[in-house]
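Structure first, then comments.
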Amino acid sequence: AGKFHLPAPTESSQATLASVSPVFAVMKFDKEGNTTYFEKKKTELYQELGLQARDLRFQHEMSIATRNNRIIMRMEFLKAVITPEFLLILDYRNLSLEHWLLNELASQLAGEGQLVTYSLPFEFRAIEAILQYWISKLQERLNTLQPQILETLEVLVDPKLLSVDRSKLHILLQNGKSLSELETDVKVFKETILEILDEEEVIEELCLSKWTDPQVFEESTSGIDHAEEMELLLENYYRQAEDLLNEARELRVLIDDSESIIFINLDSHRNVMMRLNLQLTMGTFSVSLFGLIGVAFGMNLESSLEEDPRIFWLVTGIMFLGSGLIWRRLLSFLGRHLDPPLPPHVPAVLKKSQPAGGRVDIKTSLKGETFGLGRSTLPNQ
């Protein structure tokens, strides 16, 4: 009483679960580089490999793990399972990935590429080929972004430009976003390798042939440490990722510095326009001030001055002369308050000071006397 009994799964329910299991498109590479293609359900695949269903879930964007003498790797869209005898690439139907699989990976695994792990077991070649492919993809992305960013910055930083081209700013914004994504991918790649380097047991587990091939195990015990070779292999690609991240950071710093230069140039042009506007305002004020004389004489009031023909030229001359003098005074006032002040005048007496060598000798002698005094008093104390 009080217990619930679940019904046992029937054959029909098991068949239903198997029918909805995802299907992997698999490309298989053996030690000689021979390639075979097939499709297999997830349930059948992990049973043949001796794995669990969660091992083929690939929940992380980038990971390297070992399960039951199998290496499970994922580099974003690249999913691989490595055994001591063969390499499986899952869900390989990607144009760029198919090109690499057909043209490069098979020859590298067969010993015809540029890998440095030919003399080591098969899993070393498979891991190196995958890491080399991924680091080359990251390097290609940086090589594509770098000239575009440098060209855009060269145009934007030009001090002759009075304004900034918005299309160039839009391009720089897109390239900056792509650069941030690249930095994130490189950091994740570094952290994935670093997690393995910090765990000696995981490095030992990555050496699959050491636990299955007696000859490899004898080589390990006789002096060829495969775990050390695996660690050196991972450290090599960790350093490459570090160099790649440093280049991306330098490019980021260059973008930030260029933005500061762009703002300085714009502020400089803005200041020039503001100063010109201020000068024109002062000129308008000067003309308006002395234009009051003309306004006074233009009123419909009779006086004895309008009978003299020389008054018109006299008043006009006074107006222009006064406006010019006031404008010049205002300009000189503006120059005194906006121009940077001159450095203070150094008197000739201060210039004839004692040379630096004399001061150094004095300090040295004083320091020596002080140290000598300390040495003479310490024994007494």
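The values are calculated or read from the model by the stated rules, or taken from the named source; none is laboratory data. It should be emphasised that the depicted structure is a prediction, and the values quoted were computed from it without experimental measurement. When we count neighbours, we look across all protein chains shown, and the Cβ atoms used for this are built from the backbone with ideal geometry, even at glycine. We work out accessible area using only protein heavy atoms, side chains counted, and drop any ligands, DNA or RNA first. Shrake-Rupley method; radii C 1.70, N 1.55, O 1.52, S 1.80 Å.
Things to note:
- Computed from the C-beta positions of Val315 and Val157 and an R0 of 51 Å, the FRET efficiency is 0.40 to the nearest 0.05.
- Computed lengthening from Gln47 to Thr284, 0.36 nm per intervening residue step minus Cα-Cα distance: 76.2 nm
- Using 0.36 nm per residue and subtracting the Cα-Cα separation, the extra length available between Phe86 and Ser136 on full extension is 15.7 nm.
- Net charge over other residues, Cβ less than 12 angstrom from the Cβ of Gly176 (K, R count +1; D, E count -1): -2
- Once C-alpha pairs closer than 8 Å and six or more residues apart are averaged by separation and normalised to the residue number of segment 21-113, the relative contact order reads 29 percent.
- Computed with a 1.4 Å probe over protein heavy atoms only, the accessible area of Lys137 comes to about 60 Å².
- The Cβ shell under 14 Å around Gln108 holds other residues with a net charge of -4, Lys and Arg each +1, Asp and Glu each -1.
- Taking every Cα-Cα distance in segment 21-113 and sorting them into 10 Å bins starting at zero, the pair-distance distribution P(r) comes out as 15, 52, 30, 2 percent.
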